[in-house]
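Notes for the one structure printed next.
A short reminder: the numbers here are calculations on the coordinates, not readings from a lab. Small disclaimer: the values here were computed from a predicted structure and weren't measured. Methodologically, a virtual Cβ is constructed for each residue, glycine included, from the backbone with ideal geometry; neighbour enumeration extends over all protein chains shown.
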Amino acid sequence: MSPIRSSLLDKVPWLQHGFGTRYNGAWTAPDRTARLHQVHAATIVTVTVPGHHGDGDALLATSPELWLEIRTADCVPVLIADSRQKRVAAVHAGWRGTAARITAATVAEMVRTHGSRPEDLLAAVGPCIATCCFEVGEEVASHFPAHTVRSGERPHVDLAAANVEQLKKSGVPLEQIDSLCRCTMCEVDVFHSFRRDKALGRMVSAIAIGPA
Ligand SMILES: [Zn+2]
């Protein structure tokens, strides 16, 4: 099984990307990959070289052939490309990062520092724990917009929808947002799920400019 691709991001000829499954391990070129120590916050790190770049949850790059890697197992991986200016970003948005609006902050950083226009951005929201499985307490639910919370005996949060909302509110056109709608907890044979397995398996999602 190859990493899962977004048909929307596939339309950009210079773009490489994928959302890893439990079968892919570290599938990017290790000597051309930038990583972070993910801490569930909203810190965005712009990188120009491979390697470890300290604490943070979103990577941004304008350099060709540099993979930006995010590791998840239930949290939301969001991959963003500026189709006009050849810039890429990879976001790790767990519930805390989503509540801290890290995806919106990443778009804002692309606009502020790199001169991107939201209408040129394409974004893919990858496999994550979906509403069916993300049961939370009232305290966690209170951090999310009402339309992303399904109420009941216990609330369920739609993290993917919350990130789509952040992209929309940042000015990314809805037709340029691809939400893959795959649940990491339901699809036992495909994905790692931290909540289901209580294990350390993580999936690698990554994006890069130029040939892989
Ligand atoms: Zn599910």
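Of note:
- For the chain, average projected area of the Cα convex hull in nm²: 10.6
- Angle between the chain longest axis and helix 102-114 axis [Cα atoms, degrees, rounded to 10]: 20
- Using alpha-carbon coordinates, inclination of helix 159-169 to the longest axis of the chain, degrees: 50
- Ignoring lysines fewer than eight residues from K11 along the same chain, the ones with Cα atoms less than 17 angstrom from its Cα are K86.
- Distance between segment 33-54 and segment 1-21 - C-alpha centres, whole angstrom: 21
- Look at D74, D55, D178 and count the other Cβ atoms within 10 Å of each Cβ; fewest to most, that gives D55, D178, D74.
- Amide hydrogen neighbours beyond the local backbone of T46, cut-off 5 Å, H modeled: L60
- Listed by chain and number, the aspartates and glutamates whose alpha-carbon sits under 19 Å from that of K169, ignoring those within fewer than 8 places in the same chain, are D82, E109, E119, D120, D158, D178.
- Sequence-separation-based contact order of segment 9-209, relative, with Cα cut under 8 Å and 6+ spacing, percent: 28
- For segment 9-209, the residue among T184, G25, H114 whose Cα projects farthest onto the positive side of the dipole built from Cβ charges is H114.
- Top of P173, P77, P127 by mean-square fluctuation, Gaussian network on the chain, Cα under 10 Å: P173
- Of the chymotrypsin sites (Phe, Trp or Tyr not before Pro) found in segment 10-119, the ones in coil according to DSSP and having at most 14 other Cβ atoms within 10 Å of their Cβ are W14, Y23.
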